[in-house]
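Structure in structure tokens, see below.
The values are calculated or read from the model by the stated rules, or taken from the named source; none is laboratory data. Quick caveat, the model's predicted, so the values are computed rather than measured. FYI the Cβ positions are ideal-geometry reconstructions off the backbone, even for glycines, and counts take in every protein chain you see.
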Amino acid sequence: MEIEQVVLSHFQYIERVAQFLEGSSPEPELTSPEECMMGQWLKEHPNPGMAEPHARFHQVLAEAVAKKKAGAEGEAKALLDRAYTLYSQLEHALFQ
């Protein structure tokens, strides 16, 4: 598994959530940090500094979906912004 594929998979994941929050796609299937492509890659290439931000990325996106479903669209958007920040941090750490 190439690191570029890992990063792209997370970008696609966050984009699916963003589209759901915008109302342009159905609710995305949420995955756990252990089950996703990056989680699998991290099992093979341990990086202690990435475990917490990666788990937080998944948690924040799950919270954003829950907020959208509860009608709290402003909170969902703020969480999505946080997820994009976490994504950028993860991407940066992986390509160092």
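Those residues that are among the charged types (D, E, K, R), farther than 19 Å from Gln12 by Cβ and either touching a residue at least 12 places away in the same chain (Cβ under 8 Å) or surrounded by 12 or more Cβ atoms within 10 Å (Cβ to Cβ) (or both), I need them from the range 33-55; list them, please. Even if it seems obvious, please write down each step before you answer.
Start the filter on the range 33-55 by keeping residues that are among the charged types (D, E, K, R), which leaves 34-35, 43-44, 52.
This time we only want the ones that are farther than 19 Å from Gln12 by Cβ, so: 43-44, 52.
Within the range 33-55, just Glu44 meets the criteria.
Which one is surrounded by the fewest Cβ atoms within 10 Å (Cβ to Cβ), of the residues in the range 59-76 that are of a type in the set (D, E, K, R) and within 20 Å of Pro33 (Cβ to Cβ)? Before you say what the answer is, go through the steps one by one.
Going through the range 59-76, the residues of a type in the set (D, E, K, R) turn out to be 63, 67-69, 73, 75.
Within this subset, residues satisfying the condition of being within 20 Å of Pro33 (Cβ to Cβ) are 63, 67.
Working: Glu63: 17, Lys67: 19.
Top of the filtered list is Glu63.
Within the range 1-42, work out how many residues are farther than 15 Å from Ala64 by Cβ and of a type in the set (A, V, I, L, M, F, W, C).
Residues meeting the conditions: 11.
Does any residue in the range 2-17 that is without any contact (Cβ under 8 Å) to a residue 40 or more places away in the chain and hydroxyl-bearing (Ser, Thr, Tyr) come within less than 9 Å, Cβ to Cβ, of a residue that is surrounded by fewer than 19 Cβ atoms within 10 Å (Cβ to Cβ) and in a helix (DSSP H, G or I) six or more places away or on a different chain, and which pairs are these?
Ser9/Met37
Moving on. Can you find, within the range 21-41, the residue that is nearest to Leu90 (Cα to Cα) among those that are touching a helix residue (DSSP H, G or I) at 6+ places or on another chain (Cβ under 6 Å) and part of a helix (DSSP H, G or I)? Don't jump to the end; show me each part of the working.
Quick first cut of the range 21-41, residues touching a helix residue (DSSP H, G or I) at 6+ places or on another chain (Cβ under 6 Å) only: 21, 25, 27-28, 30, 33, 37-38, 41.
Narrowing further to those that are part of a helix (DSSP H, G or I): 21, 37-38, 41.
Working: Leu21: 22, Met37: 13, Met38: 10, Trp41: 13 Å.
Among residues in the range 21-41 that are touching a helix residue (DSSP H, G or I) at 6+ places or on another chain (Cβ under 6 Å) and part of a helix (DSSP H, G or I), the one nearest to Leu90 (Cα to Cα) is Met38.
Sticking with this structure for a sec: Determine which single condition Ala51 fails, assuming it passes every other condition in (1) of a type in the set (Gly, Ala, Ser); (2) modelled with pLDDT of 95 or more; (3) under 14 Å from Pro33 (Cβ atoms).
It fails just one condition, (2).
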